[in-house]
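**Student:** This is the structure I want to talk about, given as structure tokens.
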Amino acid sequence: MTYTIQKGDTLTSIAKKHNTTVDALASTNNIKNKNLIYTGNTLQIPDGGSATGGGGEVSGTADVWYSIYEGPSGNRDTYHSSGYLPSNRVKDAGAALDDWEKKRPNSYDSAYSEKLDSLIGAATGRQFSYDPLQDPLYKNYKDAYTQSGRLAMLDAMGKAAAMTGGMGNTYAQSVGQQAYGSHMQELAQVIPQLYEAAYGRFIDEGDQLHDQIKLLSSLDDAQWDRYNDMIKNYLDEGSYLLDKYETLSDADYEKFLDYIELLRASV
């Protein structure tokens, strides 16, 4: 008979399904690598591969055939209908593999990515510009110079009026305006200093942003390394459990086939 390989099949699982051996399947189908078969390919099942001939198949609890094969007393003729049943060791190994799969780690979720994206966006989108009218420090200077300019203007006007007999006149007003203008010119001379101070603050803020980015990046890298270590440990454990399960399962089934041969020989 023939069998079409399904997704997830192995030679071991196919051999179990048809009560034959991996070696027999490999030999009949000229398979050189027993670990490499392809979904959709057709296998020829060896004639006489079924374990139903001779003494028949084995039934009973999971370890019944072990009990007979390994020596304890029992009536083998009562076990005749169910075929291969995995031993408790194989079941335990399979259960351990199932538990491992249930503990699959979640996808990586950085605790720092959102904050990092925000900081990087702020750092890369920065552009320096300076408007004195938007500078609180300039406003303080302006208020102070305006107040002192007015006082200087009043003082100059008073002195000029005194020089002309105490009468207000255009000369006094002119002198007052000059005094006021002089103070406001001094305010204009402060603007370059305020510009430099504002630019210095801009540079300092940029440096702080870069320091924060560097710190969060190092924390994110450390978290990523820990996650990778956890994934590696998880996969290593899974590889160990899978290898253990397959080794026990293959050995278990081979013992079953050996036992079937003993039954056939004794009939």
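The values are calculated or read from the model by the stated rules, or taken from the named source; none is laboratory data. All figures in this text were calculated on a predicted structure; none of them were measured in a lab. All Cβ positions, glycine included, derive from the backbone under ideal geometry; neighbour counts span all protein chains shown. When the accessible area is computed, the model is the full protein with side chains, heavy atoms only, and any ligands, DNA or RNA have been set aside. Shrake-Rupley method; radii C 1.70, N 1.55, O 1.52, S 1.80 Å.
**Student:** Quick test for you: out of Ala179, Ala198, pick the one residue that is of a type in the set (Gly, Ala, Ser), closer than 30 Å to Ala160 by Cα, modelled with pLDDT under 95 and in a helix (DSSP H, G or I).
**Tutor:** None of the other options fit; the residue is Ala179.
**Student:** Do any residues in the stretch 109-125 that are closer than 26 Å to Ile231 by Cβ have Cβ atoms under 9 Å from those of residues that are of a type in the set (Asp, Glu), where the two are at least six apart or on different chains, and which pairs are they?
**Tutor:** Sorted first by the residue in the stretch 109-125, then by its partner, the pairs are Ser110/Asp220; Ala111/Asp220; Tyr112/Asp220; Ser113/Asp220; Leu116/Asp220.
**Student:** Can I ask one more? Kindly provide the set of residues from the stretch 130-159 that are open to solvent by 60 Å² or more (accessible area, probe 1.4 Å) and in contact (Cβ under 8 Å) with a residue 24 or more places away in the chain, ordered by number.
**Tutor:** Within the stretch 130-159, Leu137, Tyr141, Lys142, Arg150, Asp155 meet the criteria.
**Student:** Right, something else. Hey, among the residues in the stretch 111-129 that are part of a loop (DSSP other than H, G, I, E, B) and loosely packed, with under 15 Cβ neighbours inside 10 Å, which one's farthest from the chain's Cα centre (by Cα)?
**Tutor:** Step by step, filter the stretch 111-129, then rank; the result is Ser129.
**Student:** Checking Leu235 against (1) closer than 30 Å to Thr10 by Cα; (2) touching a residue at least 24 places away in the same chain (Cβ under 8 Å), which single condition isn't satisfied?
**Tutor:** Against the list (1) closer than 30 Å to Thr10 by Cα; (2) touching a residue at least 24 places away in the same chain (Cβ under 8 Å), Leu235 comes up short only on (2).
**Student:** Turning to a different aspect of this structure: State whether one or more residues within the stretch 42-65 are among the polar types (S, T, N, Q), open to solvent by less than 80 Å² (accessible area, probe 1.4 Å), modelled with pLDDT of 85 or more and part of a loop (DSSP other than H, G, I, E, B).
**Tutor:** The answer is no; no qualifying residue exists.
**Student:** List every residue pair whose Cβ atoms sit under 6 Å apart, with the two residues 6 or more apart in sequence or on different chains, where the first one lies in the stretch 23-45 and is within 18 Å of Asp250 (Cα to Cα) and the second, anywhere, is open to solvent by 70 Å² or more (accessible area, probe 1.4 Å) and of a type outside the set (Asp, Glu).
**Tutor:** Ala26/Lys34
**Student:** Could you list all residues from the stretch 183-220 that are open to solvent by 90 Å² or more (accessible area, probe 1.4 Å) and either closer than 26 Å to Ile120 by Cα or in contact with a Gly (Cβ under 8 Å, 6 or more places away or on another chain) (or both)?
**Tutor:** Scanning the stretch 183-220 gives Tyr195, Glu196, Tyr199, Arg201, Glu205, Gln208, His210, Asp211, Lys214, Leu215.
**Student:** Is it the case that Tyr234 is open to solvent by 40 Å² or more (accessible area, probe 1.4 Å) and either under 30 Å from Asn106 (Cβ atoms) or in a helix (DSSP H, G or I) (or both)?
**Tutor:** no
**Student:** On to the next question. List the residue pairs whose Cβ atoms are under 6 Å apart, where the first residue sits in the stretch 71-96 and is open to solvent by 80 Å² or more (accessible area, probe 1.4 Å), the second is assigned to a helix (DSSP H, G or I) and modelled with pLDDT of 65 or more, and the two are 6 or more positions apart or on different chains.
**Tutor:** Listed pairs, sorted by first residue: Arg89/Leu248.
**Student:** Considering the stretch 1-41 alone, what residues qualify as being assigned to a strand (DSSP E or B) and open to solvent by 80 Å² or more (accessible area, probe 1.4 Å)?
**Tutor:** Selection gives Thr2 alone.
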